[in-house]
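Enquirer: Next up is a structure, given as structure tokens.
The values are calculated or read from the model by the stated rules, or taken from the named source; none is laboratory data. Everything numeric in this text was worked out from a predicted model, so none of it was measured. Backbone-built Cβ (ideal geometry, glycine too); neighbour counts: all protein chains shown. Calculation scope for accessible area: heavy atoms of the full protein, side chains included, ligands and nucleic acids excluded. Shrake-Rupley method; radii C 1.70, N 1.55, O 1.52, S 1.80 Å.
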Amino acid sequence: MKTFKQIFQQATSLEPFPFQAKFAETLPSLVRVPTGLGKTAAVVLGWLWRRRFAQDEVRNATPRRLVYCLPMRVLVEQTRDCVSGWIQKLGLENEIDVHVLMGGEDKKDWDLHPEREAVFIGTQDMLLSCALNRGYSLTRFRWPMAFGLFNNDCLWVMDEVQLMDASLPTSTQLDGFRKQRMGSKNCQTVWMSATLENEWMKTVDSDSAIFESMLELDESDDGNAEVQKRWDAHKKVERCECVMGDATAISEMIVANHQPDSLTLAIFNTVDRAKEVYQKVQKQCKDADALLLHSRFRSCDREGIIKRLLEPVPPQGRIVISTQVVEAGIDISAQTLFTELAPWASLVQRFGRCNRKGEYNKDQSANVYWFDLPEEEKTHDKMRLPYELADVTNAQALFQSLENASPSSLDQLRTDQPKLYRDAMTVHSDHVIRKRDLIDLFDTTPDMAGADIDISRFIRSDDSKDVQVFWRDWAEKEAPSSLKEEAMPRREELCTVPIGAFKDFCKKNKDAKLINKWDDLQEEWTQTRDEHIYPGQVFMLHSSLGGYTPQFGWIGHAKKNEPVEPITADPGDTPQKPEGYASDRWAENPWLNIAQHTDHVVAEMEAILQSVAIDEEFKTHLLDAARWHDRGKAHEVFQNRLYDGDGPDEADKQKYERPPKWQGLRDLAKAPNGFWKRGYERNSFRHELASGLAILQAGLADLIAYLAAAHHGKVRLSIRSMPNEKPPQEAERLFARGVYDQDALPKVDLGDGVTAPAVELSLQCMQLGRDENNQPSWAERMLKLRDNVGLFRLAYLEALIRAADMRASAKEDIKTEASK
């Protein structure tokens with residue numbers, strides 16, 4: 001058994017600080033440690049040591065998934081690189097996966113291995129939206145999988161909480177919900193910041209126990225020379241004569257104070273002000289390596305900028321003009337720092353980017369310059385954005401007496417200026433998610449207009465909500481519906497855009513065919529209307545519209561003759577086609593009957609259940625659901641979609657003839673791509689609804705019916721017909737999702753000696769209220785199931801059955817490829 005110290009040394013080549021070892025031993029809920037001392041290493045390696053190298057009692061109590069939540073996209077890549085490097089040095093790269101969640105197609109199906117230890121790194125938008133069952137940039141059909149996995153067996157780490165905005169109370173509420181009787185198991189949360197205050201964590205449902213475990217530096221850290229060097233890192237503070245918004249004077253001051261062979265960092269509160277100063281600095285100081293960094297870049301361009309930022313400083317020096325994205329997570333140390341006024345907690349993080357490791361202590365040459373608000377009060381409301389004016393003026397008051405921004409000096413303000421400090425460290429929250437909100441979010445079915453519950457108020461404030469866009473080329477005269485096969489975006493293509501700026505962009509571009517979003521119901525790319533734009537959505541723009549440059553990021557307008565160059569996929573990548581309510585993702589499947597495929601799914605489920613902690617009752621239901629999940633594929637509508645020598649190509653009938661072994665069979669579950677007709681004879685047909693109905697009528701448990709019906713994420717709490725369905729000829733005959741009341745489902749072999757009997761399907765349960773036999777409706781059964789099992793546990797079970805099915809299908813596809 002290796003000690004934490006040994007693991008830390010092997011991963012980082014450094015000695016752990018005392019507080020880092022203490023974190024691994026105690027796993028506290030709150031961590032308040034100054035910037036630059038290695039909080040990320042403490043939590044990642046502390047979790048890894050507990051999960052992999054500690055005694056059995058500690059190991060079993062430590063969640064198997066680490067969810068590292070950051071407030072901004074720009075912080076994610078560097079954190080990923082650090083974590084991946086540590087895991088590789090420990091020789092665990094083939095055992096512990098590292099996944100990034102920032103939107104776009106993920107090349108790894110991270111949700112297919114719920115039994116594996118894994119690290120998830122992402123932004124609060126992506127991770128918390130997943131935890132609320134509305135995963136931004138995920139297909140809606142995978143929302144429940146993420147919801148189940150991220151609310152069970154996870155250690156959530158909320159880093160730099162002073163920047164989290166509305167997500168902070170959401171995280172504390174979710175932690176409180178998980179500890180109530182809602183089905184979550186083995187989930188813990190850690191909140192970290194250099195400026196963390198207990199008061200920030202208090203919400204109506206939060207657990208008061210979290211306030212009792214604050215990890216801070218103590219006397220054991222005081223005796224460490226390296227800790228003391230950073231604690232006393234000298235940073236002279238000076239107020240600038242030029243004020244916020246005066247781009248010309250500010251740029252001149254930056255250039256005048258820049259030192260060769262050093263890093264100068266200037267941080268602005270808005271992208272527009274950062275861009276304006278950057279352009280002027282470029283003209284005034286052509287020798288220095290000038291960089292612009294903000295959150296409105298495509299990830300591939302942003303990664304290139306950060307890579308340059310982290311390179312050794314050239315002899316002429318480097319000037320970085322940035323927004324608040326650089327406040328936390330990026331490990332840089334400037335000799336000279338410029339900053340606009342901001343909330344005090346944010347300013348402390350900015351100070352942490354100057355003389356970060358105390359390297360300028362001897363000559364005391366590190367300087368912090370701050371820009372004040374203009375004297376004209378009428379300009380204050382504009383200049384304070386995106387922050388509240390009171391937060392900015394409270395920070396202004398603290399600045400007046402500050403001469404040194406070392407961590408020790410900042411900590412002394414608590415004692416010297418208690419009232420000012422308390423006022424400056426207040427956080428605001430207009431929206432707090434309640435239990436009723438979370439329960440409503442469990443149902444992922446859109447309303448009759450195709451809209452969903454908007455969770456953005458629980459993620460970001462009104463001033464900072466975003467959408468994501470990407471650019472593609474197509475014939476401009478084509479209608480959006482002709483783009484049906486256009487692949488979903490990859491992560492490197494996406495650019496984050498403020499929702500207000502995007503709406504303005506749409507208004508300026510009159511040709512709506514060039515701005516599209518994927519419609520799950522219509523199963524096509526549809527042109528965008530202003531009233532249908534809400535946070536978290538993804539939009540496809542025609543490259544001719546412009547709006548972006550690699551140097552400046554999102555600019556919101558088209559530069560003359562400068563279309564945006566789309567990012568092409570790597571040659572080896574298989575583009576992910578969009579999915580709708582009626583469609584399925586087809587791969588190069590082998591010929592398999594229902595029994596064969598079911599045996600594979602049950603085997604995958606058994607493998608998963610060997611590692612995850614599930615009550616025996618639920619294990620039995622999961623295995624039964626795996627056995628029955630494709631029972632509905634025996635339906636004639638599913639079987640009729642397969643060619644059997646009856647293809648449309650009269651000149652080449654042979655290519656539609658099945659191999660002799662498979663001719664005439666009506667119990668097929670899988671077949672090669674070329675044998676599937678373009679669509680079902682009944683629009684929106686879902687075989688899993690037929691499975692769920694058959695299970696109920698066979699007298700099996702409601703949980704088995706739910707898990708079977710939900711294994712594609714398209715039939716869950718409610719059953720209803722879709723807008724494009726063609727009703728049966730009989731006017732009174734019930735129908736939903738391509739299944740008609742009184743449809744015959746023939747007897748079929750489900751494998752392992754289980755035979756499902758023939759049944760006439762009944763859709764009476766789709767109606768509200770009980771039927772003539774006093775049997776409850778589908779909705780009544782499933783809502784009762786949700787409340788009794790617990791919505792977190794029910795979603796987790798749903799994620800397991802779906803993972804088993806998808807893994808089995810993936811392995812079947814691989815075998816097919818290998819046999820070619």
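Enquirer: How many of the residues in region 645-674 are assigned to a loop (DSSP other than H, G, I, E, B) and either open to solvent by less than 60 Å² (accessible area, probe 1.4 Å) or in contact (Cβ under 8 Å) with a residue 60 or more places away in the chain (or both)? It would help to see each step written out before you state the result.
Expert: To start, the set of residues in region 645-674 that are assigned to a loop (DSSP other than H, G, I, E, B) comprises 645-649, 657-659, 663-667, 671-672.
Cutting the leftovers down to either open to solvent by less than 60 Å² (accessible area, probe 1.4 Å) or in contact (Cβ under 8 Å) with a residue 60 or more places away in the chain (or both) gives us 645, 647, 649, 658-659, 664-667, 671-672.
Within region 645-674, residues that are assigned to a loop (DSSP other than H, G, I, E, B) and either open to solvent by less than 60 Å² (accessible area, probe 1.4 Å) or in contact (Cβ under 8 Å) with a residue 60 or more places away in the chain (or both) number 11.
Enquirer: So, restricting to strands (runs of 3 or more DSSP E) that lie completely within region 62-163, which ones have at least 1 residues that are among the small types (Gly, Ala, Ser), over 20 Å from Glu579 (Cα atoms) and under 14 Å from the mean Cα position of the chain (by Cα)? Write out each step before concluding.
Expert: Values: elements: 65-70, 97-101, 118-123, 154-159.
In region 62-163, the matching strands (runs of 3 or more DSSP E) lie at 118-123.
Enquirer: Six or more apart or on different chains, Cβ atoms under 8 Å: show the pairs whose first residue is in region 137-158 and under 18 Å from His712 (Cα atoms) and whose second is assigned to a strand (DSSP E or B) and among the hydrophobic types (A, V, I, L, M, F, W, C).
Expert: Ser137/Val538
Enquirer: Okay, moving on. For Val74, state whether it is open to solvent by less than 20 Å² (accessible area, probe 1.4 Å) and at pLDDT 95 or above.
Expert: Numbers: open to solvent by less than 20 Å² (accessible area, probe 1.4 Å): yes; at pLDDT 95 or above: no.
In short, no.
Enquirer: Next question, about the same structure. Which ones in region 753-773 are under 15 Å from Gly699 (Cα atoms), outside any helix (DSSP H, G or I) and of a type outside the set (Ser, Thr, Tyr)? I'd like the intermediate steps shown before the answer.
Expert: Looking only at region 753-773, we keep the residues that are under 15 Å from Gly699 (Cα atoms), and these are 754-762, 765, 773.
Next, only the ones that are outside any helix (DSSP H, G or I) stay: 754-762, 773.
Residues satisfying the conditions are Val754, Ala756, Pro757, Ala758, Val759, Glu760, Leu761, Asn773.
Enquirer: Name the residues in region 49-71 that are among the small types (Gly, Ala, Ser) and exposed (fewer than 15 other Cβ atoms within 10 Å of the Cβ), would you?
Expert: The first filter runs over region 49-71 and keeps only residues among the small types (Gly, Ala, Ser), leaving 54, 61.
The answer is Ala61, and nothing else.
Enquirer: I've got another one for you. Which of the following residues is under 30 Å from Arg181 (Cβ atoms), open to solvent by less than 50 Å² (accessible area, probe 1.4 Å), at pLDDT below 85 and part of a loop (DSSP other than H, G, I, E, B): Asp430, Asp452, Asp447? Spell out how you get there, then give the answer.
Expert: On the way: Asp430 fails: open to solvent by less than 50 Å² (accessible area, probe 1.4 Å); Asp447 fails: open to solvent by less than 50 Å² (accessible area, probe 1.4 Å).
From the options Asp430, Asp452, Asp447, the qualifying one is Asp452.
Enquirer: Condition check: open to solvent by 10 Å² or more (accessible area, probe 1.4 Å), within 29 Å of Asp222 (Cβ to Cβ) and more than 31 Å from the chain's Cα centre (by Cα). Does Leu420 satisfy that?
Expert: Yes; evaluated as a whole, the condition is true for this residue.
Enquirer: Any chance you could count how many residues in region 200-214 are of a type in the set (Phe, Trp, Tyr) and surrounded by fewer than 17 Cβ atoms within 10 Å (Cβ to Cβ)? First the steps, then the outcome.
Expert: Step one: filter region 200-214 for residues of a type in the set (Phe, Trp, Tyr), giving 200, 211.
Adding the requirement that they be surrounded by fewer than 17 Cβ atoms within 10 Å (Cβ to Cβ) leaves 211.
Matching residues across region 200-214 total 1.
Enquirer: Moving on to the next point. Scan region 1-40 for residues that are in a loop (DSSP other than H, G, I, E, B) and out of contact with any Pro (no Cβ under 7 Å at 6 or more places or on another chain) and report the count. Before you say what the answer is, go through the steps one by one.
Expert: Restricting attention to region 1-40, the residues satisfying the condition of being in a loop (DSSP other than H, G, I, E, B) are 1-3, 13-17, 27-29, 33-38.
Checking the rest, the ones that are also out of contact with any Pro (no Cβ under 7 Å at 6 or more places or on another chain) come to 1-3, 13-17, 27-29, 33, 35-38.
So the count comes out to 16.
Enquirer: Kindly indicate the residue of region 639-693 that is among the aromatic types (Phe, Trp, Tyr) and out of contact with any helix residue (DSSP H, G or I) (no Cβ under 6 Å at 6 or more places or on another chain) and also nearest to Asp741 (Cα to Cα) among those meeting that condition. Before you say what the answer is, go through the steps one by one.
Expert: Step one: of region 639-693, the residues among the aromatic types (Phe, Trp, Tyr) are 643, 656, 662, 675-676, 680, 685.
From the residues that got through so far, the ones that are out of contact with any helix residue (DSSP H, G or I) (no Cβ under 6 Å at 6 or more places or on another chain) too are 656, 662, 675-676.
Numbers: Tyr656: 32, Trp662: 30, Phe675: 28, Trp676: 25 Å.
So, considering only residues that are among the aromatic types (Phe, Trp, Tyr) and out of contact with any helix residue (DSSP H, G or I) (no Cβ under 6 Å at 6 or more places or on another chain), the one nearest to Asp741 (Cα to Cα) is Trp676.
Enquirer: Continuing with the same structure: Output the qualifying pairs, or none if there are none: Cβ atoms under 6 angstrom, residues six or more apart or on different chains, first residue in region 176-196 and farther than 30 Å from Ala345 by Cα and of a type in the set (S, T, N, Q), second residue assigned to a helix (DSSP H, G or I) and open to solvent by less than 10 Å² (accessible area, probe 1.4 Å).
Expert: Going by the 6 Å Cβ cut-off, the qualifying pairs are Ser184/Phe792.
Enquirer: In addition: Going through region 288-322 one residue at a time, which ones are among the hydrophobic types (A, V, I, L, M, F, W, C), under 24 Å from the mean Cα position of the chain (by Cα) and open to solvent by less than 30 Å² (accessible area, probe 1.4 Å)?
Expert: Restricting attention to region 288-322, the residues satisfying the condition of being among the hydrophobic types (A, V, I, L, M, F, W, C) are 288, 290-293, 297, 300, 305-306, 309-310, 313, 319-321.
Still in the list and also under 24 Å from the mean Cα position of the chain (by Cα): 293, 297, 300, 305-306.
Across region 288-322, the qualifying residues are Leu293, Phe297, Ile305, Ile306.
Enquirer: Hey, another quick one. What tally of residues in region 200-223 results from selecting those that are of a type in the set (D, E, K, R) and over 17 Å from Gln180 (Cα atoms)?
Expert: Pass one, region 200-223, residues of a type in the set (D, E, K, R): 202, 205, 207, 212, 216, 218-219, 221-222.
Subset that is over 17 Å from Gln180 (Cα atoms): 212, 216, 218-219, 221-222.
The number of residues fulfilling the criteria is 6.
Enquirer: Examine region 753-762 for a residue that is at pLDDT 95 or above, of a type in the set (Val, Ile, Thr), out of contact with any helix residue (DSSP H, G or I) (no Cβ under 7 Å at 6 or more places or on another chain) and under 19 Å from Gly692 (Cα atoms), and state whether such a residue exists.
Expert: Looking for residues that are at pLDDT 95 or above, of a type in the set (Val, Ile, Thr), out of contact with any helix residue (DSSP H, G or I) (no Cβ under 7 Å at 6 or more places or on another chain) and under 19 Å from Gly692 (Cα atoms), one finds at least one in region 753-762, hence yes.
Enquirer: Which of the residues belonging to region 675-712 are assigned to a loop (DSSP other than H, G, I, E, B), on the phi < 0 side of the Ramachandran plot, open to solvent by less than 20 Å² (accessible area, probe 1.4 Å) and touching a strand residue (DSSP E or B) at 6+ places or on another chain (Cβ under 9 Å)? Please lay out each step first, then the result.
Expert: Of region 675-712, the ones assigned to a loop (DSSP other than H, G, I, E, B) are 677-686, 698-701, 710-712.
Among the residues that remain, those that are also on the phi < 0 side of the Ramachandran plot are: 677-683, 685-686, 698, 700-701, 710-712.
Retained after the next criterion (residues that are open to solvent by less than 20 Å² (accessible area, probe 1.4 Å)): 685-686, 710-711.
Across region 675-712, the qualifying residues are Phe685, Arg686.
Enquirer: Quick test of your reading of the structure: Ala249 fulfils all but one of (1) of a type in the set (Gly, Ala, Ser); (2) under 27 Å from Trp554 (Cβ atoms); (3) surrounded by 17 or more Cβ atoms within 10 Å (Cβ to Cβ). Name the failing condition by number.
Expert: Answer for Ala249: the failing condition is (3).
Enquirer: Given the criterion touching an Asp or Glu at 6+ places or on another chain (Cβ under 9 Å), crowded, with 23+ Cβ neighbours inside 10 Å and closer than 21 Å to Val44 by Cα, identify the matching residue among Val157, Val161, Val119.
Expert: Values: Val157 fails: touching an Asp or Glu at 6+ places or on another chain (Cβ under 9 Å); Val161 fails: touching an Asp or Glu at 6+ places or on another chain (Cβ under 9 Å).
Answer to the selection: Val119.
Enquirer: Also, I was wondering about something else. Can you find, within region 215-228, the residue that is nearest to the chain's Cα centre (by Cα) among those that are surrounded by 14 or more Cβ atoms within 10 Å (Cβ to Cβ) and not in a strand (DSSP E or B)? If you could, list the steps in order and put the result at the bottom.
Expert: Here is the first cut: in region 215-228, the residues surrounded by 14 or more Cβ atoms within 10 Å (Cβ to Cβ) are 215-217, 221, 224, 226-228.
From the residues that got through so far, the ones that are not in a strand (DSSP E or B) too are 216-217, 221, 224, 226-228.
On the way: Glu216: 29, Leu217: 32, Asp221: 35, Asn224: 38, Glu226: 36, Val227: 34, Gln228: 37 Å.
Among them, the one singled out is Glu216.
Enquirer: If I ask for residues that are charged (D, E, K, R) and open to solvent by 30 Å² or more (accessible area, probe 1.4 Å), which ones from region 490-521 would you list? Walk me through how you get there before you give the answer.
Expert: Residues of region 490-521 that are charged (D, E, K, R), as a first pass: 490-493, 503-504, 507-508, 510-511, 513, 517, 519-520.
The answer is Arg491, Glu492, Lys503, Asp504, Lys507, Lys508, Lys510, Asp511, Lys513, Lys517, Asp519, Asp520.
Enquirer: Give the residue that is surrounded by the most Cβ atoms within 10 Å (Cβ to Cβ), with candidates limited to residues of region 731-759 that are among the acidic types (Asp, Glu) and over 24 Å from Ala779 (Cβ atoms). First the steps, then the outcome.
Expert: Pass one, region 731-759, residues among the acidic types (Asp, Glu): 732, 741, 743, 749, 752.
From what's left, over 24 Å from Ala779 (Cβ atoms): 749, 752.
Details: Asp749: 16, Asp752: 11.
Only one residue tops the list, namely Asp749.
Enquirer: Is it the case that Leu174 is at pLDDT 85 or above, in a loop (DSSP other than H, G, I, E, B) and on the phi < 0 side of the Ramachandran plot? Even if it seems obvious, please write down each step before you answer.
Expert: Details: at pLDDT 85 or above: yes; in a loop (DSSP other than H, G, I, E, B): no; on the phi < 0 side of the Ramachandran plot: yes.
For Leu174, the condition - at pLDDT 85 or above, in a loop (DSSP other than H, G, I, E, B) and on the phi < 0 side of the Ramachandran plot - is not met.
Enquirer: While we're here: Within region 176-191, how many residues are closer than 30 Å to Pro343 by Cα, surrounded by 22 or more Cβ atoms within 10 Å (Cβ to Cβ) and not aromatic (Phe, Trp, Tyr)?
Expert: Of the residues in region 176-191, 2 are closer than 30 Å to Pro343 by Cα, surrounded by 22 or more Cβ atoms within 10 Å (Cβ to Cβ) and not aromatic (Phe, Trp, Tyr).
Enquirer: Oh, and also: Checking the condition at pLDDT 95 or above and in contact with a Ser or Thr (Cβ under 7 Å, 6 or more places away or on another chain), which residue from His629, His635, His600, His621 passes? Walk me through it before giving the result.
Expert: Numbers: His635 fails: in contact with a Ser or Thr (Cβ under 7 Å, 6 or more places away or on another chain); His600 fails: in contact with a Ser or Thr (Cβ under 7 Å, 6 or more places away or on another chain); His621 fails: in contact with a Ser or Thr (Cβ under 7 Å, 6 or more places away or on another chain).
Going through His629, His635, His600, His621 in turn, just one is at pLDDT 95 or above and in contact with a Ser or Thr (Cβ under 7 Å, 6 or more places away or on another chain): His629.
Enquirer: While we're here: Considering only region 717-754, state which residues are in contact (Cβ under 8 Å) with a residue 40 or more places away in the chain, of a type in the set (S, T, N, Q) and over 21 Å from His629 (Cα atoms).
Expert: Asn724
Enquirer: Related question: Residue by residue through region 281-303, note down the ones that are under 19 Å from Thr123 (Cα atoms) and either out of contact with any strand residue (DSSP E or B) (no Cβ under 8 Å at 6 or more places or on another chain) or not aromatic (Phe, Trp, Tyr) (or both).
Expert: Those that are under 19 Å from Thr123 (Cα atoms) and either out of contact with any strand residue (DSSP E or B) (no Cβ under 8 Å at 6 or more places or on another chain) or not aromatic (Phe, Trp, Tyr) (or both): Leu293, His294, Ser295, Arg296, Arg298, Ser299, Cys300, Asp301, Arg302, Glu303.
Enquirer: Return only the number of the condition from (1) open to solvent by 20 Å² or more (accessible area, probe 1.4 Å); (2) free of Cβ contacts under 8 Å to residues at least 40 places away in the same chain that Cys130 does not satisfy.
Expert: Unmet condition: (1).
Enquirer: Continuing with the same structure: What number goes with the only condition from (1) touching an Asp or Glu at 6+ places or on another chain (Cβ under 6 Å); (2) of a type outside the set (A, V, I, L, M, F, W, C); (3) modelled with pLDDT of 85 or more that Lys484 does not pass?
Expert: (3)
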